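Notes for the one structure printed next.
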Amino acid sequence: MKKFICSLLIAHCSLLFLPAQDFGVIVNQEAIFADEGYIENTTAAIPWFSAPLGERADLYLSGRLSAYLSNNEWKPIFDIYRFEVSFNPLSNLRFSIGRQNFEDSTGWIMNGLFDGAALNWDIGGGRLNAGLFYTGLLYKKNAYITISPNDIESYYDDGNYWASRRLAGGINWNKTSIFDTQANMALSAIFQVDLNDAASKIHSQYLAAQFSVPLAASLNLDLGASLELLEIDDNFKAAFAGSAVFQQMFYGSRPGMLSFGGRYASGDWGDSMAAFIPINCEPLGKVLRPVFSGIALAEAAYALRLHRTFLTELYASYAFRTDQVTFYSPGLNDSDSPFLGMEIYLGLSWAPFSDLVFSLGGGVFLPQTGTAFADDTKTKYRIELTAGISF
C-alpha cells in the first residue's frame, strides 16, 4: 500500500510541471461482499491530463493505478485508461486515435474503451460514428471479452493480464427528431474477428437498432433489437436480442423515475440458432449478474431524489434462461425449467459536493422463487460500498 500511495503522489505532482490546461486525479474505493464468503476490495486512482494541440487538435491522457485485496494481500495493477489525440479539420468532423470510448446503438454489443481510430461526422441532421479497434492490449477485467471458451479460460487465469485478441469495429448512425417528431433513432453495423491462437475461432457480425419514442409529456418508450451472425469453425449460425423499456418521469420537489420492461437474448437452439454473444459480456442485474447471452430479464426500477444530494433506487427483476447450456450458476438442477428466480436490490447515493460521492447498495437473489435451482440452494446476496473523490 505504501508503494501504491507513493506512486499516486508522484503521478499527481508530476502533472504540476506540465503546460496543461486541465488535470486532476479521481480516487475511488470499492468494497464488495457476496455469498460463499466472497470479498473484493479495490482502491484505485485515475490521474488525467488534457491540453490543446494547436487550434484544431486536443490531447487527453489518463491511467489507472489500482490495488486490490486478494487472499489478505494487496496486489497492484496498472492500466492505461483513456489515451486519445483528436483532430477537428472541420467544425462538424472529428478524427481520433488512441484508447477511446466506442459504443454501438444499443450498448449491448460493444461498449467501453478500445485501441484504434475513429471519426465523428455531423451530417444530414444526424451523426455518423465509425471506428476500427484492436482489443489485445486492454486489461482483461476492464475489457470483459469472453466470447469463446478460450476467452473464458484466459479471463479467469490469474497469470494473464491481457484481453482476448480481436479486431473489432463498425459504424453507428444517430438521428434525432426523425420525421419531424421528438422520436430518436440509432442504427449500427458491428463486427469482430478472432485473432487468437486457438484451435476454435468465433467471428461475428451484428446489425442493431435503437428507437426512443415519447408517448406522452413524461412517458417514454425505448425499443432495441440486434441480429447476430456467428461464424464458428466455418459453420454459420444466427442469434438475436431485443429489449423494451418504459420510462415514466415524476416532477416536483422530489423528482423520480419509474422504469419497467424486459430484455431477451436467444439461446443455443440447434444447428441454425445460437446463443446471442456480445463482444463485451458485461453482467446484467445486480446480484445474480448473468451476461446477456441465453438469458431473459423482466425488470423494474424506481429512482427517487429525496434531496439534491441524496438519491435512492429500488430495483427488482425476474430472470429466465432461454436454453439449458449457456447460463451456469452453482445450484442449478437437471430440469429444463427456464425460471431462475427473482432478485431485489436497494441502492443509496449521497453527493454532498460535486467532487465527492458515496454509494451503498445491497440485494438478494431468491432461487426459491424459480424452479431451475435445487430446493436446497441458498439465497444469494451482494453488498457494494463505494466512495469516490476527484481533485
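The values are calculated or read from the model by the stated rules, or taken from the named source; none is laboratory data. What you are looking at is a predicted structure, and each value in this text was computed from that prediction instead of being measured. Note that we place each Cβ from the backbone using ideal geometry, even for glycine, and neighbour counts take in every protein chain shown.
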Which of the residues that make up segment 253-285 are surrounded by 15 or more Cβ atoms within 10 Å (Cβ to Cβ) and either within 19 Å of LEU215 (Cβ to Cβ) or of a type in the set (Lys, Arg) (or both)? GLY256, MET257, LEU258, SER259, PHE260, GLY261, GLY262, ARG263
Filter result for ASP157 (among the acidic types (Asp, Glu), within 27 Å of PRO290 (Cα to Cα) and under 18 Å from the mean Cα position of the chain (by Cα)): no
Got a sec? Which of PHE87, PHE95 is of a type outside the set (D, E, K, R), more than 22 Å from the chain's Cα centre (by Cα) and over 30 Å from ASP180 (Cα atoms)? PHE87
Taking segment 354-378 and keeping residues closer than 30 Å to ARG305 by Cα and not in a strand (DSSP E or B) leaves SER354, ASP355
Check ILE123, ILE152 and return the single one that is out of contact with any Pro (no Cβ under 9 Å at 6 or more places or on another chain) and without any contact (Cβ under 8 Å) to a residue 12 or more places away in the chain. ILE152
Could you pull out the residue among GLY331, GLY341 that is in contact with a helix residue (DSSP H, G or I) (Cβ under 8 Å, 6 or more places away or on another chain), buried (at least 16 other Cβ atoms within 10 Å of the Cβ) and over 22 Å from GLY107 (Cβ atoms)? GLY341
If a residue has to be farther than 18 Å from TRP162 by Cβ and in contact with a helix residue (DSSP H, G or I) (Cβ under 6 Å, 6 or more places away or on another chain) to count, how many in segment 66-82 make the cut? 1
Looking only at segment 336-348, filter to residues that are farther than 30 Å from ASN28 by Cβ and of a type in the set (A, V, I, L, M, F, W, C); which one of those is farthest from the chain's Cα centre (by Cα)? PHE339
What residue, of ALA301, ALA351, is part of a strand (DSSP E or B), hydrophobic (A, V, I, L, M, F, W, C) and under 19 Å from the mean Cα position of the chain (by Cα)? ALA301
From the option list LEU356, LEU340, single residue qualifying as touching a Lys or Arg at 6+ places or on another chain (Cβ under 8 Å) and at pLDDT 95 or above is LEU340
Here are SER218, SER154, SER148, SER200: which of them is of a type in the set (Gly, Ala, Ser), surrounded by fewer than 16 Cβ atoms within 10 Å (Cβ to Cβ) and in contact with a Ser or Thr (Cβ under 9 Å, 6 or more places away or on another chain)? SER200
Positions within segment 34-59 being among the small types (Gly, Ala, Ser) and more than 22 Å from the chain's Cα centre (by Cα), in sequence order: GLY37, SER50, ALA51, GLY54, ALA57
If we ask which residues in segment 67-77 are without any contact (Cβ under 8 Å) to a residue 60 or more places away in the chain, in contact with a Phe, Trp or Tyr (Cβ under 9 Å, 6 or more places away or on another chain) and not basic (Lys, Arg), their number turns out to be 1
Return a yes/no flag: does segment 234-247 have any residue that is in a loop (DSSP other than H, G, I, E, B) and at positive phi. yes
Given (1) among the aliphatic types (A, V, I, L, M); (2) over 25 Å from ASP35 (Cβ atoms); (3) free of Cβ contacts under 8 Å to residues at least 40 places away in the same chain; (4) surrounded by 15 or more Cβ atoms within 10 Å (Cβ to Cβ), identify the lone condition not met by LEU356. (4)
Among residues belonging to segment 162-202 that are in contact with a helix residue (DSSP H, G or I) (Cβ under 8 Å, 6 or more places away or on another chain) and assigned to a strand (DSSP E or B), point out the one that is nearest to LEU138 (Cα to Cα). TRP162
Looking at (1) modelled with pLDDT under 95; (2) of a type outside the set (Ser, Thr, Tyr); (3) out of contact with any Lys or Arg (no Cβ under 9 Å at 6 or more places or on another chain); (4) more than 24 Å from GLU228 (Cα to Cα), can you tell me which one GLU153 breaks? (4)
